[in-house]
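The values are calculated or read from the model by the stated rules, or taken from the named source; none is laboratory data. Only a predicted model underlies this, so the values are computations on that prediction, with no experimental measurement involved. Cβ sites come from the backbone with ideal geometry, for glycine too, and all protein chains shown count toward neighbours.
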């Protein structure tokens with residue numbers, strides 16, 4: 001099955017779970033959404049980008065799946081708890097790392 005077929009809307013129930021980095025009150029809220037699939041698993045997405053450059057560099061330029069409605073695909077999880085844990089891990093290890101580095105390549109050209 002190709003990526004497009006896997007992410008077709010017919011594979012989702014419409015139910016979803018909002019997940020975020022609520023562990024520290026002083027940090028700005030960053031939120032993702034876990035969309036429930038027909039088989040009960042959930043696909044975790046992020047679409048709270050600070051800029052189009054950030055979206056491009058974190059997902060599009062790396063060949064990761066990105067949907068205009070759902071956002072960038074992070075991973076598939078099986079429980080609500082796993083969704084919270086995996087999202088926080090992604091925020092800590094990918095998003096914060098990206099946002100705290102010096103200028104990105106596309107920001108230098110803007």
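For segment 9-48, how many residues are part of a loop (DSSP other than H, G, I, E, B), modelled with pLDDT of 95 or more and touching a helix residue (DSSP H, G or I) at 6+ places or on another chain (Cβ under 7 Å)?
1
Give me the pairs, please: first residue somewhere in segment 87-110 and on the phi < 0 side of the Ramachandran plot and surrounded by 10 or more Cβ atoms within 10 Å (Cβ to Cβ), second residue anywhere and outside any helix (DSSP H, G or I) and at pLDDT below 85, beta-carbon distance under 6 Å, and either six or more positions apart or on two chains.
The qualifying pairs are 88/21; 91/21.
Table: residues versus (1) outside any helix (DSSP H, G or I); (2) over 17 Å from residue 29 (Cβ atoms); (3) modelled with pLDDT under 90.
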residue: 69; (1), (2), (3): yes, yes, no
residue: 73; (1), (2), (3): yes, yes, no
residue: 83; (1), (2), (3): no, no, no
residue: 87; (1), (2), (3): no, no, no
residue: 90; (1), (2), (3): no, no, no
residue: 95; (1), (2), (3): no, no, no
residue: 99; (1), (2), (3): no, no, no
residue: 102; (1), (2), (3): yes, yes, yes
residue: 107; (1), (2), (3): no, yes, yes
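Look through segment 56-86, keep the residues that are closer than 15 Å to residue 36 by Cα and in contact with a helix residue (DSSP H, G or I) (Cβ under 8 Å, 6 or more places away or on another chain), and return whichever of them is surrounded by the fewest Cβ atoms within 10 Å (Cβ to Cβ).
Only one residue tops the list, namely 75.
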